[in-house]
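The values are calculated or read from the model by the stated rules, or taken from the named source; none is laboratory data. Note that this is a predicted model, so its numbers are computed, not measured. Every residue, glycine as well, gets a Cβ built from its backbone with ideal geometry; the counts of neighbours run over all protein chains shown. When the accessible area is computed, the model is the full protein with side chains, heavy atoms only, and any ligands, DNA or RNA have been set aside. Shrake-Rupley method; radii C 1.70, N 1.55, O 1.52, S 1.80 Å.
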Amino acid sequence: MSKTRFAFLIVVVIACAGLTVWVASLAALSGKLNGQILMALMPLAMLAAIAIRALSARHDK
């Protein structure tokens with residue numbers, strides 16, 4: 001894996017995690033944390049999972 005791709009995936013994982021925590025905490029503080037917010041956070045969680053899977057993939061060359 002190239003260094004550029006590795007750096008990009010690390011940034012994606014950190015950004016997704018940060019945004020997820022930020023949005024969830026804002027929703028919890030305002031008392032609006034419900035299923036609709038959790039469904040809105042699902043794409044961020046999926047993107048983070050895809051990036052983590054790409055980082056941990058074993059590429060035999």
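Report the paramagnetic label zone for Q36: residues of the range 1-30 whose backbone N is under 19 Å from a point 7 Å from Cα along the Cα-to-Cβ axis. The answer is 23-30, whose backbone nitrogens lie closer than 19 Å to the label point. Of the options [x] 50, 17, 11; [y] 42, 16, 14; [z] 45, 20, 15, only one is Cα extents along the principal axes in Å as computed from these coordinates, and that is [x]. Nearest 10 degrees is fine. How inclined is helix 35-56 to the longest principal axis of the chain, computing both from alpha carbons? The angle comes out at about 10 degrees. Calculated mean residue ellipticity at 222 nm for the chain: -28500 deg cm²/dmol, from DSSP H runs with n ≥ 4 weighted as -39500 (n - 2.57), summed, divided by the residue count and rounded to 500. Take the Cα of F6, step 7 Å toward its Cβ, do the same at L55, and the gap between the two points is 1.2 nm.
Can you tell me the accessible area per residue over the chain, all protein chains present, probe 1.4 angstrom, in square angstrom?
That works out to 80 Å² for each residue.
When the chain is treated as a Gaussian network with alpha carbon springs shorter than 10 Å, the biggest mean-square fluctuation among L44, L29, L19 belongs to L29.
How far, in degrees from 0 to 90, does helix 3-29 lean away from the longest principal axis of the Cα atoms of the chain, to the nearest 10? The angle comes out at about 10 degrees.
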